[in-house]
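The values are calculated or read from the model by the stated rules, or taken from the named source; none is laboratory data. Bear in mind the structure is a predicted one, so any value in this text is a computation, not a measurement. Glycine also receives a Cβ, built like all others from the backbone with ideal geometry; neighbour counts cover every protein chain displayed.
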Amino acid sequence: MAQPGDTITYTFSGAKETEDISNIDKIVIDRMDGADSGSIPDAATDYTSSGGLIQDATVDVSSYDVLEIWVGRKGKDPSITNNGGFGRSNGGDGGVGDMGAGGGSTELVAKNTSTGETAFIAAVDAGGGGTSPIRIVEPI
C-alpha cells in the first residue's frame, strides 16, 4: 500500500502492476517514459525511434483506491515472432527482415473499486517501428 510521501519506481515486468492508493490524495509523476521501437538486426545505422515523455505532472487521485500501471516494453527486432512491445496497447509487429517492431504503451489508470468508476490518468506513446531509409535500387 502506497503511503503519502512514498517514492515508487516501476520498470517493465511483463505484466500490469497495481498499487493500493486508498491513502493517497495526489500523485506526482516525476518521469514517465514511453518504450522505444525495436531495432533492425545488423543495420549499419540505428533507425529506432524513442517513446514519449511526461515529467513533473501532479494528478488528484482522491476519488480512487487502485492505480493500474502498465510499463511498456521496447519492440523487438523482426527476426522474433510476435515482436511488438508489451503495454496496455501492444506495439505493432515489424516487417520480416527490415523493420523493428513498435514499442508498447506506458499508461496509468485509476479505479474506484466501490463504484466501478475508472479514470485515465496518463499515457506515453511508444516509438514507432524502426526501419532503414528508402533507397532506390535501380535508376528509373
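Condition first: at pLDDT 90 or above and buried (at least 21 other Cβ atoms within 10 Å of the Cβ). Now tell me which residues in the range 65-92 satisfy that.
Leu67
If you take the residues in the range 1-56 that are among the aromatic types (Phe, Trp, Tyr) and at pLDDT below 85, which one is farthest from Asp125 (Cα to Cα)?
Tyr47
For the range 1-40, name all the residues that are assigned to a strand (DSSP E or B), β-branched (Val, Ile, Thr) and buried (at least 16 other Cβ atoms within 10 Å of the Cβ).
Ile27
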